[in-house]
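Colleague: Pasting a structure below so you can have a look.
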Amino acid sequence: MTGNEIRAKFLEYFARNGHKIVRSSSLVPANDPTLLFANAGMNQFKDVFLGLEKRDYLRATTSQKCVRAGGKHNDLENVGYTRRHHTFFEMLGNFSFGDYFKKEAIAFAWELVTSPQWYGLPKDRLYVTVFREDDDAEQLWQSVAGVPKSRIFRLDEKDNFWQMGETGPCGPCSEIHYDLGVEAAAPGREHEQFPDDGGGRFVEIWNLVFMQFDRGENGTDTPLSCPSIDTGLGLERVAAVLQGHLSNYDTDLLQPIVLRAAELLHVGYGADEKTDTALRINADHARATAFLIHDGVIPSNEGRGYVLRKIMRRAMRNARLAGMADPYLHQLTGFVAELMKPGYPEMIESIERVARVVREEEQRYATTFQVAERFFHDEARSAAAGGVLAGAAAFKLYDTFGLALDEQEEMAREFGLRIDREGFSSEMEKQRSRARASWKGADKGQIADVYRGLPAVEFIGREVLESPVEVAALIVDGEDGKERLEHVEAGEAEIVFPSTPFYAESGGQVGDTGLLLDAETREKVAVVEGAWKPTPTAMLQKIHVLRPIHVGDKLVAQVDRPARFSTMRNHTATHLLQAALRQVLGAHVKQAGSVVEPARLRFDFTHYAPMTADELAEVERIVNDQILINTPLSTDVMDLDQALSTGAMALFGEKYGDKVRVVSIPGFSKELCGGTHVEQTGDIGLFKIIYEGSIAAGVRRIEAATGFGALERFQTASGMLTKASQLLRTTETAVLEHLDRLLTGQKNLEREIEQLKTKLAHQQMDRFEARTLNGAKVLSEKVEGLDRAQLRTMVDALRNKWGSAVIVIASVNDSEISIVSAVSKDLVSKVQAGKLAGDVAKAVGGKGGGRADMAEGAGKDVAQLPAALASVYERVGALL
């Protein structure tokens, strides 16, 4: 079976057994800051397992794309050196949300793995492990699957107990292992038996998690009312088994990429282990790179982008070790997209975009490596006396410049040095601690206990903006965190209604604001400052309480209509903008973030160059043309897969359920969107771009205004133009021409001033009388009317004129003292320009410093300047 057939058979098997096939989620976890990347199939169902989200099915199956390259699950350094470690891999899984449990999960797994109709693995090569206390699982493997007791082994928590976090859902797990045979064992370990073998003969292929407890803060495990199932079968591992290979890299999922990498690097595969390792690293990392960039991650110096950059640079430096100095990785990522097309057809859409991002990073890396070499040579010269390159320097070369330790050691040998490996390891551990701390900070993303029991809330704000509501819960900040109260007298609070017209912040659209009114008197009870979702189903309004509110009170919820309608105009305009950008710039444009609020819209998108004035004007024209056409919007609710099959675009950062809203502007735009929109495009009124710029490599940002916001901007600009024409005493149409003449005249005047200043400087230089101290010319003077740049020119000219000289010159402009000092090279061993500038600056209440031959300073105490300059002669005389 091919890898694609193995994936398809898995999904088909569970679909036949009543499971809903669910698409893989993005590698960037939606609304879950606790995760760096999606690293398991259960990630997208986390809220379901926690009881915070309901799906319209109780059984699911997925093929989830995963990356493990940072945090707790970090396989990066092992990739390429072992048979089974990867940064990118696929996890096949089946899930039960309170439906079936151990008996059915075991039966499903055993039938799929062993039945000739499915995978057909020989039973006598399979072993099973269970948690040491899980009598049920051991008995079920025997009674349901017929596994002999001699092939079932009990292991401890480390191997066979799973938990989602320090607290929360957890439970025992059971693993299926396959015996690859004696030939797979490490040399000398051929006769070791399962499960004590550490030599690679037995490979775990499937892990079945029996989620049956809720672990409390005191460590107590309480049985869950609805036990669930979460399993994970590694596609690459099972493909190796079914295709008769010892290494995942020999399967049809990875071998073609390895061989394509060999072509690009102009080397063979199989002749040299060092080169083979480099090729395996490149094959794996090309997959991770292609999928991460497709899902919106861009190389950077922090967070997910930093991990992506490390993955890419690890591939590049290993390619360089194999003899490739030219950019190549962008071609390999394109090959990955073509190879993965059967399972992930959407990858084809981003081939060009991914290639551009990778090519830019390759060029950046080439420059960085040159800097790294210079840094290494500087450190090596400093370390020559002791024979050891400091661990801190080695780690900087590794972490900042991407220079592998073994590569550094090869370079060090040329200098007769060795690397301080202990110091390097110490710095590495510090970095890991920092990385763990940075993602541990995401614990803020954990849901507070007070929100867990909140009822599901119905959003009715598409139909009405004012509605009677009943207070279901009140929450305030207490001394020990959030707490629920029966009433709130005044101040800040959060309030829950069974149904609400307030839109909760989501998908880039800000939450609604408004008022809560007394149901009888219509008096203001509270100001609504925003709305948000603490869980997928609950919804809160943030309020400022004006008079006491009790649980059970009947109120009227009133959304701020002008603000909501302005937001709706901006949201619909965002959809028009994305479609227009794709028309003007190309299909590579993809949303990379957005903010929709009453005053403006902000849209981040993938593109590689600043937009020209003509491109911006054309985008504006297209959007406003759609507004003038006044097309009615249509909204349909459908299955996610159905929506995507119709060509609807998914938006960055949005977490979609199985039922989605598809917002269409017929003939122009179709997107998945849960936000609020105008009824027809003409309601937007006017669209105006007010900013375009870069926010990251390959990511641009546009800000725009619509409706009254665009009108206000037009009125402001028109008013400024009128004012400018009045000040210039010309007509509005002639303002630019008049300004051009003024600017040209100003440049001419500035040129004349510079010429006069230069003439003045030469006149002052002619009157200077330097002192001769021990054969050197020494000058410490104040000059008039020169800026810092002119001072530098002056001291340089004097130093060249006199040959052996020490010069300090200061000038005062608007009570600011500028100081420049210079020392000829023959004297820098005795006199330091930086020290002189610093001493003079300190004497006049400022600071200064710089190189030994040229330095600068500044200060404010003009009265102390003569004495400070005079002291230079005595100081320099003593030094000389």
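Colleague: Skipping prolines and chain starts, which residues have an amide H placed within reach, meaning under 5 Å, of the one on residue 698, given they are 5 or more residues away or on another chain?
Modeller: For residue 698, whose amide H was placed from the backbone, there are no distant partners under 5 Å.
Colleague: For the range 90-234, what is the convex hull (Cα atoms) projected area averaged across all directions, in square nanometres?
Modeller: It is 9.5 nm².
Colleague: Can you tell me the 0 to 90 degree angle between the C-alpha axis of helix 3-16 and the longest principal axis of the chain, rounded to 10?
Modeller: Roughly 50 degrees between the two axes.
Colleague: I would also like to ask the following. So who's got an amide H within less than 5 Å of the one on residue 539, skipping anything under 5 residues away but keeping other chains? H placed 1.01 Å off N, in plane.
Modeller: Amide H neighbours of residue 539, under 5 Å, 5+ apart: 457.
Colleague: Further question: Roughly how many debye, to the nearest 20, is the charge dipole of the chain about its Cα centre, given +1 on each Lys and Arg Cβ, -1 on each Asp and Glu Cβ, and no other charges?
Modeller: Using only the charged Cβ atoms, the result is roughly 2500 debye.
Colleague: Using a simple charge model, +1 on the beta-carbon of Lys and Arg, -1 on the beta-carbon of Asp and Glu, nothing else, what dipole does the range 215-344 show about its Cα centre, in debye to the nearest 20?
Modeller: Computed about the Cα centre, the dipole is about 420 debye.
Colleague: Can I ask one more? Along Cα→Cβ, 7 Å out, is where each label goes; now give me the distance between the ones at residue 326 and residue 713 in nm to one decimal.
Modeller: According to this spin-label approximation, the distance is 4.5 nm.
Colleague: How high is the relative contact order of the range 678-826, given as a whole-number percent (alpha carbon pairs under 8 Å, six or more residues apart)?
Modeller: Relative contact order for the range 678-826 comes out at 12 percent.
Colleague: Compute the Cα gyration tensor for the range 439-566, then decide on rounded, prolate or oblate, letting a ≥ b ≥ c be the square roots of its eigenvalues: rounded whenever a/c is under 1.5, prolate when a/b is larger than b/c in the other cases, and oblate in all that remain.
Modeller: Oblate is the answer for the range 439-566, as a/c is 1.5 or above yet b/c matches or exceeds a/b.
Colleague: Per-residue HN-Hα couplings for the range 254-268, Karplus 6.51 cos²θ - 1.76 cosθ + 1.60 at θ = phi - 60°, whole Hz, x for Gly and Pro?
Modeller: Using θ = phi - 60°, the values come out as 10, 4, x, 6, 4, 5, 5, 4, 4, 4, 5, 8, 6, 9, x Hz.
Colleague: Highest first, please rank the peptides 703-712, 757-766, 740-749 by the mean number of other Cβ atoms sitting within 10 Å of their residues.
Modeller: 703-712, 757-766, 740-749
Colleague: Across the range 367-377, in residue order, what do the Karplus-derived ³J(HN,Hα) couplings come to in whole Hz, using 6.51 cos²θ - 1.76 cosθ + 1.60 with θ = phi - 60° and x for Gly and Pro?
Modeller: With the stated coefficients, the range 367-377 comes to 5, 4, 5, 5, 5, 4, 4, 4, 4, 4, 5 Hz.
Colleague: Taking the DSSP beta bridges in the chain as the whole, what percent of them are antiparallel, to the nearest 5?
Modeller: Bridges in the chain are about 85 percent antiparallel.
Colleague: While we're looking at this one, here's another question. Could you give the length gained on full extension between residue 477 and residue 830, defined as 0.36 nm per residue of separation minus the Cα-Cα distance, in nm?
Modeller: 120.6 nm
Colleague: Same structure, new question: Too long at a 19 Å Cα-Cα cut-off: which of 20/590; 54/533; 20/533?
Modeller: Correct reply: 20/590; 20/533.
Colleague: To the nearest 500 deg cm²/dmol, what mean residue ellipticity at 222 nm is calculated for the chain from DSSP H runs of n ≥ 4 alone, each contributing -39,500 (n - 2.57), summed and divided by the residues?
Modeller: One gets -12500 deg cm²/dmol as the mean residue ellipticity at 222 nm.
Colleague: Continuing with the same structure: Give the cross-link partners of residue 777 among the lysines, using a straight C-alpha distance below 19 Å as the criterion and excluding same-chain residues fewer than 8 apart.
Modeller: Reachable lysines: 801, 825, 830, 835.
Colleague: By how many degrees, 0 to 90 and rounded to 10, does the Cα axis of helix 561-585 deviate from the longest principal axis of the chain?
Modeller: It is inclined by approximately 80 degrees.
Colleague: Still on this structure, please answer the following. Amide H of residue 173: which non-local residues (sequence gap of 5 or more, or other chain) have their own amide H closer than 5 Å, using H built in the peptide plane?
Modeller: 131, 161, 162, 210
Colleague: Rg (Å, one decimal) plus Dmax (Å, integer) for the alpha carbons of the range 666-763?
Modeller: Rg, Dmax (Cα atoms, Å): 23.2, 76.
Colleague: Show which aspartates and glutamates lie in cross-link reach of residue 723 when reach means a straight Cα distance below 16 angstrom and same-chain residues fewer than eight apart are skipped.
Modeller: Excluding near neighbours in sequence, the set is 732, 737.
Colleague: On the principal axes of its Cα set, how long, how wide and how thick is the chain? Give whole Å, largest value first.
Modeller: 108, 85, 55
Colleague: Return the FRET efficiency for the residue pair residue 430, residue 306: r is the Cβ-Cβ distance, R0 is 22 Å, and the value is rounded to the nearest 0.05.
Modeller: Approximately 0.90, to the nearest 0.05.
Colleague: Sticking with this one: Which order do peptides 182-189, 469-476 fall in by mean Cβ count within 10 Å, highest first?
Modeller: Averaged packing, sorted descending, gives the order 469-476, 182-189.
Colleague: Pairs of Cα atoms under 8 Å, at least six residues apart: use those to get the relative contact order of the range 14-150, whole percent.
Modeller: 19 percent
Colleague: Express the relative contact order of the chain as a whole percentage, based on alpha carbon pairs under 8 Å and six or more residues apart in sequence.
Modeller: Value for the chain: 7 percent.
Colleague: To the nearest 20 Debye, how big is the dipole of the range 41-123 about its Cα centre, given +1 on the beta carbon of each Lys and Arg and -1 on that of each Asp and Glu?
Modeller: Dipole magnitude for the range 41-123 comes out near 180 debye.
Colleague: How much length is gained if the chain between residue 123 and residue 788 is pulled fully straight, taking 0.36 nm per residue apart and subtracting their Cα-Cα distance, in nm to one decimal?
Modeller: Length gained, residue 123 through residue 788: 231.0 nm.
Colleague: Another question about this same structure. How far is helix 788-802 tilted, in degrees, relative to the longest principal axis of the Cα atoms in the chain, given as a value from 0 to 90 rounded to the nearest 10?
Modeller: 60 degrees
Colleague: Taking a point 7 angstrom from the Cα of residue 796 along the C-beta vector, which residues in the range 738-777 have backbone N less than 19 Å away?
Modeller: 754-766, by backbone N distance to the label point.
Colleague: If you restrict to DSSP beta bridges whose two residues both lie in the range 496-621, what percentage is antiparallel, to the nearest 5?
Modeller: Close to 95 percent.
Colleague: Let's test this: bin the Cα-Cα distances of the range 830-879 at 10 Å from zero up to the farthest pair and state each bin's percent.
Modeller: In order of increasing distance, the bins hold 30, 55, 15 percent.
Colleague: Rank 115, 271, 649 by how far each Cα sits towards the positive end of the charge dipole of the chain (+1 on Lys, Arg Cβ; -1 on Asp, Glu Cβ) and give me just the farthest.
Modeller: Of the listed residues, the answer is 271.
Read the figures in this text as sums done on the coordinates, not as results from a lab. These numbers come from a predicted model, not from an experiment. Note that each Cβ is placed from the backbone with ideal geometry, even for glycine, and that neighbours are counted across all protein chains shown.
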